[in-house]
1. Give me the accessible area per residue for region 14-168, probe 1.4 Å, as a whole number in Å².
2. Under a crude label model (7 Å from the Cα following the beta-carbon direction), how far is Glu73 from Val154 in nanometres?
3. Determine how many Å³ per residue the convex hull of the Cα atoms of region 28-90 encloses.
4. Sort 135-147, 75-87, 34-46 by the packing proxy (mean of other Cβ within 10 Å over each peptide's residues), most packed first.
5. Please state, rounded to one decimal and in Å, the Kirkwood hydrodynamic radius that region 67-149 gives when every pair of distinct Cα atoms enters the mean of 1/r.
6. With labels modelled as points extended 7 Å from the Cα through the Cβ direction, what inter-label distance (nm, one decimal) is found for Ala36 paired with Asn103?
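The values are calculated or read from the model by the stated rules, or taken from the named source; none is laboratory data. This is a predicted model, so every value here is computed, not measured. Glycine gets a Cβ as well: all are built from the backbone with ideal geometry, and neighbour counts include every protein chain shown. Ligands, DNA and RNA are stripped out before the accessible areas are found, and what is left, the full protein with its side chains, is counted by its heavy atoms. Shrake-Rupley method; radii C 1.70, N 1.55, O 1.52, S 1.80 Å.
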Amino acid sequence: MAAREQASEERSPDRSRDDVDEVTRAVLTASRLLVAVSARSLAAVEDRVTLPQFRLLVVLSTHDEAKLVTLAERLGVNPSTAMRMLDRLIAAGLAERRVNPANRRETVLRVTPEGRRLVEDVTSGRRREIAGIVERLAPQQRAALVDALTAFTVAGGEPSVPGDGTDAYPLGWTSGRPARHDD
């Protein structure tokens, strides 16, 4: 019996690696679907904003106001890159600069009502399409998917989306490093 347990333990790392490869392939395949859904949701506004500009709008709409340096950090880009994107969004009426009332030497950036509507419209379209896909799953598959995706996002350090439908993190992009879990 000890020989069987030892043989099983010796195979475990290989099986574990096979599981990692299998899960990685499944996640990559699912990510293709999610990228396609995201691309379709952005298609309606692609004449107005690029994906990086939309990402900037999402970050601004999530955090209300930000200084340029803070915004660049949240996006993971240089301040000059963030400023160029912002200039285009300001020209399109989707974002604005204003003097910080608490410190008149500072400028803060924020999304305009039109920019917020654009983010909400794109996010709503994506939510509807994903809901349509999820509805085709059996209830037990949905429960398993929630558990698996929750564990996956926690392992990757992504904050949860609130369950109230507000989509406070509509497109993610955490600025920090993935959380480490050494259980």
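1. Accessible area per residue, region 14-168: 63 Å².
2. Those two pseudo-labels are separated by 2.8 nm.
3. So the per-residue hull volume is 97 Å³.
4. 75-87, 34-46, 135-147
5. 15.7 Å
6. 4.8 nm
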